[in-house]
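See below for the structure under consideration.
The values are calculated or read from the model by the stated rules, or taken from the named source; none is laboratory data. It should be emphasised that the depicted structure is a prediction, and the values quoted were computed from it without experimental measurement. When we count neighbours, we look across all protein chains shown, and the Cβ atoms used for this are built from the backbone with ideal geometry, even at glycine.
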Amino acid sequence: MRSEGDPELQPDRLLELVPDVPWQVLLCPLVNAPGVTLGSAIWRRPHLESAIRALAGIGEVRLSPIGGTVGPGGDSWLSLLFVAHLPDPFPRPLDQLMAGFMAFLGQRLAPWEVALERGRVAGAWCPGFSDVSVGGRKLAGLGFKLTREAALIRAIIGVRPPSPTELETLDAAHRTFGEGVAPERLGWLCQILGMPELDREGALRLLVDPEAAPPGRISW
């Protein structure tokens, strides 16, 4: 696994690994260390970055080139990076990339007959159009970065509830720029699948082909 600060995760380096085939995607699990990852919507406004860094208990603060606000980290979350070499032309790229992720996740969760929903979940972490929810509770969120030839998509998936202290810190970080985080608006893979012992490593095995050493190639 790699962290988002790894120079190997820059778009040009990753494109060397991705075949120039439409919808051929490189999937790379990310190290989701404790703390938070700030998307470009936050770190481009230095006063917000400073306010979050000043919070008690915030832990490590990482900056991501990918869009979004505050992405949670730690053992309760699974982070995946998808890298696509985009065909030309590629109209409505965000809609198509979002549909690709929904199809990917829906296929992996099909044995449990999970009904995925798309759209902003008020009161969730990093709320936005790319929220993926189950029963009105946010399960996953996506951030995007597009270049002329590539798309980077970071997905963060809630695996199991974090501690109350972690949720309070996540809430405080969101309140620096908008609405706080309401625990009742969050969904967790372990609860949705009825697998109370599910952890991050188990979730990774469920969602990624265990026979393919990461990074692995998938098709959307």
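What to note about this one:
- Among the residues of this structure, residue 140 counts as one that is surrounded by 14 or more Cβ atoms within 10 Å (Cβ to Cβ) and closer than 21 Å to residue 200 by Cβ.
- Extreme residue, modelled with the lowest pLDDT, among residues of segment 84-116 that are within 25 Å of residue 64 (Cβ to Cβ) and among the charged types (D, E, K, R): 92
- Restricting segment 190-211 to residues that are among the aliphatic types (A, V, I, L, M) and in contact (Cβ under 8 Å) with a residue 60 or more places away in the chain, the residue that is surrounded by the most Cβ atoms within 10 Å (Cβ to Cβ): 203
- Looking only at segment 169-179, residues that are surrounded by 15 or more Cβ atoms within 10 Å (Cβ to Cβ) and touching a residue at least 12 places away in the same chain (Cβ under 8 Å) come to 7 in all.
- Scanning segment 172-198 for residues that are of a type in the set (S, T, N, Q) and under 19 Å from the mean Cα position of the chain (by Cα) yields a count of 1.
- Just one of the listed residues (121, 134) is free of Cβ contacts under 8 Å to residues at least 60 places away in the same chain, in contact with an Asp or Glu (Cβ under 8 Å, 6 or more places away or on another chain), within 16 Å of residue 186 (Cα to Cα) and not charged (D, E, K, R), and it is 134.
- The set of residues in segment 93-117 being of a type outside the set (A, V, I, L, M), surrounded by fewer than 19 Cβ atoms within 10 Å (Cβ to Cβ) and not in a loop (DSSP other than H, G, I, E, B) consists of 93, 95, 96, 106, 107, 108, 111, 112, 117.
- The single condition from (1) under 17 Å from the mean Cα position of the chain (by Cα); (2) in a loop (DSSP other than H, G, I, E, B); (3) more than 25 Å from residue 204 (Cα to Cα) that residue 90 fails is (1).
- Checking each residue in segment 77-87 for being loosely packed, with under 15 Cβ neighbours inside 10 Å and outside any loop (DSSP other than H, G, I, E, B) picks out no residue at all.
- Test: residue in segment 118-131 that is in a helix (DSSP H, G or I), in contact with a Leu (Cβ under 6 Å, 6 or more places away or on another chain) and at pLDDT 95 or above: no
- Qualifying residue in segment 146-154 (condition: modelled with pLDDT under 95, farther than 23 Å from residue 67 by Cα and hydrophobic (A, V, I, L, M, F, W, C)): no
- For segment 45-76, the tally of residues that are in contact with a helix residue (DSSP H, G or I) (Cβ under 7 Å, 6 or more places away or on another chain) and part of a strand (DSSP E or B) stands at 4.
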